[in-house]
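The values are calculated or read from the model by the stated rules, or taken from the named source; none is laboratory data. These numbers come from a predicted model, not from an experiment. In this analysis, Cβ positions are derived from the backbone assuming ideal geometry, glycine residues included, and neighbour counts consider all displayed protein chains.
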Ligand SMILES: Nc1ncnc2c1ncn2[C@@H]1O[C@H](COP(=O)(O)OP(=O)(O)OP(=O)(O)O)[C@@H](O)[C@H]1O
Ligand SMILES: [Mg+2]
């Protein structure tokens with residue numbers, strides 16, 4: 001029988017961690033090899049993909065096993081969920097609900113199925129349901145089963161729209177979105193926390209809030225006048241959509257008006273981070289890093305690189321690395337040297353079950369000290385968001 005993984009966190013941090021038990025955070029690495037925080041996600045997807053890529057690496061290049069601290073991310077997630085339940089309620093849940101959007105992207109379905117399978121393997125009943133199959137009564141989520149209602153003990157939320165103030169344990173509860181749903185609010189919270197705990201090696205890009213395109217233009221011009229380039233994006237992210245790069249004052253007016261004038265959304269104006277390039281077969285690409293933390297503990301990370309080399313088309317094409325924007329998935333290894341790339345198979349590969357995801361045949365390797373920095377940065381941001389949420393929730397009770 002497999003032992004449950006022991007997650008380590010200090011008891012006083014539980015107050016924060018319990019609010020954000022499953023974190024997916026995005027970082028950049030700048031050209032001085034600093035870790036730069038980009039954003040936090042309330043319903044991160046990707047652990048099943050990461051597990052499948054690890055399997056592929058083990059089949060193709062088993063010698064790389066020692067550079068992958070964890071490989072079974074879904075099993076580990078289930079351990080984290082059961083530990084979360086045990087701490088909050090005691091014992092083991094009898095019924096777990098894994099939610100799915102009503103008419104959502106089927107992309108994350110294999111991940112939901114693998115989570116359900118893993119619960120079943122532990123003898124815990126688990127079901128996948130969309131919004132029409134459950135209802136809320138007295139702050140409790142109830143599942144419709146014919147003429148009866150079942151009350152799940154634990155909820156794994158795998159869709160964005162979900163009720164707040166639910167009394168069962170939820171991973172992650174909807175309230176996390178109060179912070180992660182606004183890039184600007186997330187920045188404020190993380191930079192406030194950083195100003196109080198300076199020992200963490202983490203950079204935060206200079207970031208401003210703009211209610212209108214006019215305001216975004218003025219702020220962009222001010223940042224440009226200090227010799228920095230600018231990125232303007234929706235305050236509520238849309239998976240790589242509408243990320244506009246401003247490199248000159250004339251860009252600011254034309255590009256921002258074209259992109260946003262007809263949209264009633266708020267924007268963030270941010271310094272553009274000059275990132276470390278991903279060098280591959282004589283070409284360079286931008287990339288970002290997605291890290292995952294379960295119960296406040298960093299468990300793994302991967303890279304998403306743009307599929308378009310730097311300089312080969314418009315910066316809005318090559319400067320954005322989201323998978324939904326055509327980005328390529330790149331495994332991330334923790335090695336004794338680097339940063340560098342390591343070829344681990346002959347060709348890139350489309351992933352079985354996740355056909356839209358192309359896995360690069362090159363992995364990116366971070367030296368141990370940078371891996372440690374990434375781990376510390378991830379665990380730091382989880383606490384920053386978790387503590388801030390405590391403040392929000394306590395304030396709401398007054
Ligand atoms: N300040 C920046 N400097 C350099 N590149 C950036 C910057 N901001 C964003 N990018 C690029 O654009 C991509 C998308 O940005 P970001 O993650 O902030 O928005 P999003 O993905 O649309 O939001 P969400 O993930 O919430 O849907 C990043 O992964 C990165 O490649
Ligand atoms: Mg993003």
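What tally of residues in the stretch 286-296 results from selecting those that are more than 18 Å from residue 205 (Cβ to Cβ) and either within 14 Å of the chain's Cα centre (by Cα) or without any contact (Cβ under 8 Å) to a residue 40 or more places away in the chain (or both)?
4
Hey, among 103, 164, which residue is within 22 Å of residue 45 (Cβ to Cβ), touching a helix residue (DSSP H, G or I) at 6+ places or on another chain (Cβ under 6 Å) and surrounded by fewer than 17 Cβ atoms within 10 Å (Cβ to Cβ)?
None of the other options fit; the residue is 164.
In the list 280, 290, which residue meets the criterion of being within 12 Å of ligand 1 (Cβ to nearest atom) and in contact with a strand residue (DSSP E or B) (Cβ under 6 Å, 6 or more places away or on another chain)? Step through it out loud before you land on a result.
Working: 280 fails: within 12 Å of ligand 1 (Cβ to nearest atom).
On inspection, the qualifying residue turns out to be 290.
List pairs: first residue in the stretch 314-334 and farther than 23 Å from residue 299 by Cα, second residue within 11 Å of ligand 1 (Cβ to nearest atom) and in a strand (DSSP E or B) anywhere in the structure, Cβ distance under 7 angstrom, at least six positions apart or on different chains.
Listed by first residue and then by second, the contacts come to 315/245; 316/244; 316/245; 319/245.
Only one of 32, 41, 60 is within 16 Å of ligand 1 (Cβ to nearest atom) and farther than 18 Å from residue 301 by Cβ. Can you tell me which?
32
Read through the list (1) in a loop (DSSP other than H, G, I, E, B); (2) touching a residue at least 12 places away in the same chain (Cβ under 8 Å), then give the number of the only condition that residue 199 fails.
Failed condition: (2).
Would you call residue 37 at pLDDT 95 or above and within 16 Å of ligand 2 (Cβ to nearest atom)?
For residue 37, the condition - at pLDDT 95 or above and within 16 Å of ligand 2 (Cβ to nearest atom) - is met.
What's the total number of residues in the stretch 237-262 that are over 21 Å from residue 160 (Cα atoms), without any contact (Cβ under 8 Å) to a residue 12 or more places away in the chain and within 14 Å of ligand 1 (Cβ to nearest atom)?
Number satisfying all stated conditions: 0.
Of 35, 47, 17, which residue is under 20 Å from residue 91 (Cα atoms) and crowded, with 16+ Cβ neighbours inside 10 Å?
17
For the stretch 40-126, list the helices (runs of 4 or more DSSP H) that sit wholly inside it and hold at least 1 residues that are more than 26 Å from residue 383 (Cβ to Cβ), free of Cβ contacts under 8 Å to residues at least 24 places away in the same chain and under 18 Å from the mean Cα position of the chain (by Cα); which are they?
In the stretch 40-126, the matching helices (runs of 4 or more DSSP H) lie at 109-121.
In the stretch 232-261, what count of residues is obtained for those that are part of a strand (DSSP E or B), more than 13 Å from ligand 2 (Cβ to nearest atom) and surrounded by fewer than 20 Cβ atoms within 10 Å (Cβ to Cβ)?
Residues meeting the conditions: 1.
So which residues in the stretch 264-274 are touching a residue at least 24 places away in the same chain (Cβ under 8 Å) and more than 14 Å from ligand 2 (Cβ to nearest atom)? Steps first, please.
Filtering the stretch 264-274 for residues touching a residue at least 24 places away in the same chain (Cβ under 8 Å) gives 265-274.
Matches in the stretch 264-274: 265, 266, 267, 269, 271, 272, 274.
Quick test for you: out of 141, 189, 179, pick the one residue that is surrounded by 17 or more Cβ atoms within 10 Å (Cβ to Cβ) and part of a strand (DSSP E or B).
141
Going residue by residue through the stretch 312-329, is there one that turns out to be at positive phi and within 16 Å of ligand 2 (Cβ to nearest atom)?
Taking the stretch 312-329 and keeping what is at positive phi, we get 326.
In the following step, the residues that additionally are within 16 Å of ligand 2 (Cβ to nearest atom) were identified as 326.
Checked against the condition, which is being at positive phi and within 16 Å of ligand 2 (Cβ to nearest atom), the stretch 312-329 yields at least one hit.
Among the residues of the stretch 192-236, how many are near ligand 1 (Cβ under 10 Å from one of its atoms), in contact with a strand residue (DSSP E or B) (Cβ under 8 Å, 6 or more places away or on another chain) and within 17 Å of residue 261 (Cα to Cα)?
Of the residues in that region, 5 qualify.
Does the stretch 347-389 hold any residues that are touching a helix residue (DSSP H, G or I) at 6+ places or on another chain (Cβ under 6 Å), more than 24 Å from residue 321 (Cα to Cα) and surrounded by fewer than 20 Cβ atoms within 10 Å (Cβ to Cβ), and which are they?
Residue satisfying the conditions is 387 alone.
Consider the stretch 1-24. How many of its residues are touching a strand residue (DSSP E or B) at 6+ places or on another chain (Cβ under 8 Å) and more than 23 Å from residue 158 (Cβ to Cβ)?
The total comes to 2.
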